[in-house]
Amino acid sequence: MKRELPFDINDPHRRAELARKVDAAAELLSDIARRFEPAALASSLGAEDMVLTDIICRRAPAIGIFTLDTGRLHAETYRLLQQITERYDLRIRVLYPSSDALERLVAERGINGFFNSVANRRACCEVRKVEPLRRALAGKRAWLTGLRRAQAATRANLPLREYDAANGLEKFNPLAEWSEQDVWAYIHAFGVPYNALHDRGFPSIGCEPCTRAVTPGEDVRAGRWWWEEPGGKECGLHPAKGRQRAA
Ligand code: ADX
Ligand code: SF4
């Protein structure tokens with residue numbers, strides 16, 4: 001099924017606006033590649049990360065790309081990973097959880113223990129995502145993400161550049177100001193491959209057991225850890241550091 005765009009991709013104003021945003025992002029990426037080598041994109045293979053992957057391949061190939069394979073991803077995500085390594089002739093570094101820590105986690109909290117408490121869920125994200133992220137970032141001078149302000153209240157004040165004190169390096173969010181429409185306009189304009197789940201109601205894709213489809217009009221992150229209270233649904237990769245809008 002082809003994803004419908006809510007606007008005319010050939011509208012000259014929209015095209016000019018998109019071209020401006022793409023140029024700004026590409027300039028930022030080339031600048032990062034020059035001034036912060038070695039730098040790397042953390043890719044979940046979501047739509048935003050596919051846009052950044054495409055821009056990196058075209059305009060800033062010195063930036064590396066890595067993904068954290070939690071072991072609980074959707075089959076569609078693994079399919080896309082294989083597809084893009086072939087399409088872009090890319091070497092994506094794939095990181096895995098420590099097997100000792102994972103065995104301990106499962107023994108102590110259960111294979112699907114994340115459904116039982118927020119503490120269990122955070123412990124699982126720590127072992128499967130946050131610790132591998134620390135390894136991915138070791139020795140890097142900067143990392144990049146596909147975070148956008150419009151994704152969540154916790155991301156409303158997201159800067160283009162921030163210092164990641166927890167990991168001790170610069171962090172760039174080149175699409176901070178992009179809308180969801182900008183992301184999809186880029187994907188369509190440049191024929192970028194994307195996760196098939198996006199066409200089945202998944203705007204935001206994480207691990208399979210912890211992600212469900214959303215209905216039209218529902219919050220884009222409503223399908224992530226859907227059984228938890230909204231508001232605190234972050235996995236620890238991106239601590240909010242007071243970025244949240246005051247209530
Ligand atoms: S999460 O914190 O809720 O999981 P989200 O899915 O919105 O994050 O993704 C935000 C950004 O975090 C992505 O654009 C990507 O930069 C990074 N990210 C999330 N999951 C992964 C992953 N499995 N591997 C690498 N980077 C990831
Ligand atoms: Fe574990 Fe779910 Fe977090 Fe994935 S999203 S690491 S399965 S708790």
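The values are calculated or read from the model by the stated rules, or taken from the named source; none is laboratory data. Keep in mind that what you see is a predicted model, and the values were worked out from it rather than measured. Neighbour counts run over all protein chains shown; Cβ positions are idealised from the backbone, glycine included.
Which residue out of R87, R58, R91, R109 is under 27 Å from G168 (Cα atoms) and of a type in the set (K, R)?
On the way: R87 fails: under 27 Å from G168 (Cα atoms); R58 fails: under 27 Å from G168 (Cα atoms); R109 fails: under 27 Å from G168 (Cα atoms).
It is R91.
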Q: Collect the residues in region 74-118 that are touching a strand residue (DSSP E or B) at 6+ places or on another chain (Cβ under 6 Å) and among the charged types (D, E, K, R), keeping them in residue-number order.
A: R93
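Count, please, the residues in region 166-181 that happen to be at negative phi, in a loop (DSSP other than H, G, I, E, B) and without any contact (Cβ under 8 Å) to a residue 60 or more places away in the chain.
Residues of region 166-181 that are at negative phi, as a first pass: 166-167, 169-181.
With in a loop (DSSP other than H, G, I, E, B) added as a condition, the list becomes 166-167, 173-179.
Next, from what is left, pick out any that are without any contact (Cβ under 8 Å) to a residue 60 or more places away in the chain: 167, 173, 176, 179.
Total meeting the criteria: 4.
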Q. Which condition does D69 not pass, out of (1) in contact with a Lys or Arg (Cβ under 8 Å, 6 or more places away or on another chain); (2) of a type in the set (D, E, K, R); (3) within 12 Å of ligand 1 (Cβ to nearest atom), if it passes all the others?
A. (1)
Q: Check region 184-193 and report whether any residue there is under 24 Å from P61 (Cα atoms), surrounded by 15 or more Cβ atoms within 10 Å (Cβ to Cβ) and within 10 Å of ligand 1 (Cβ to nearest atom).
A: no
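If you check F114, F66, which single one turns out to be farther than 16 Å from S43 by Cα and aromatic (F, W, Y)? Walk me through it before giving the result.
Working: F66 fails: farther than 16 Å from S43 by Cα.
After ruling out the rest, the residue left standing is F114.
I want to confirm something. Restricting to region 105-130 and keeping residues that are free of Cβ contacts under 8 Å to residues at least 24 places away in the same chain and either in contact with a Ser or Thr (Cβ under 9 Å, 6 or more places away or on another chain) or within 16 Å of ligand 1 (Cβ to nearest atom) (or both), which single residue is nearest to G71 (Cα to Cα)? If you could, list the steps in order and put the result at the bottom.
Filtering region 105-130 for residues free of Cβ contacts under 8 Å to residues at least 24 places away in the same chain gives 105-111, 113, 116-117, 119-120, 123-124.
Filter again for either in contact with a Ser or Thr (Cβ under 9 Å, 6 or more places away or on another chain) or within 16 Å of ligand 1 (Cβ to nearest atom) (or both), leaving 109, 123-124.
Values: R109: 16, A123: 15, C124: 11 Å.
Ranking the qualifying residues of region 105-130, first place goes to C124.
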Q) Yes or no: W225 over 26 Å from E86 (Cα atoms), crowded, with 20+ Cβ neighbours inside 10 Å and aromatic (F, W, Y)? A) yes
Q: Select from region 182-225 the residues that are of a type in the set (S, T, Y) and either part of a helix (DSSP H, G or I) or free of Cβ contacts under 8 Å to residues at least 12 places away in the same chain (or both) and list them in ascending order.
A: Y186
Q) Among the helices (runs of 4 or more DSSP H) contained in region 79-142, which hold 3 or more residues that are small (G, A, S)? A) 99-109
Q: Please tell me if A240 is away from ligand 2 (no atom under 15 Å from the Cβ), at pLDDT below 95, surrounded by 15 or more Cβ atoms within 10 Å (Cβ to Cβ) and part of a loop (DSSP other than H, G, I, E, B).
A: yes
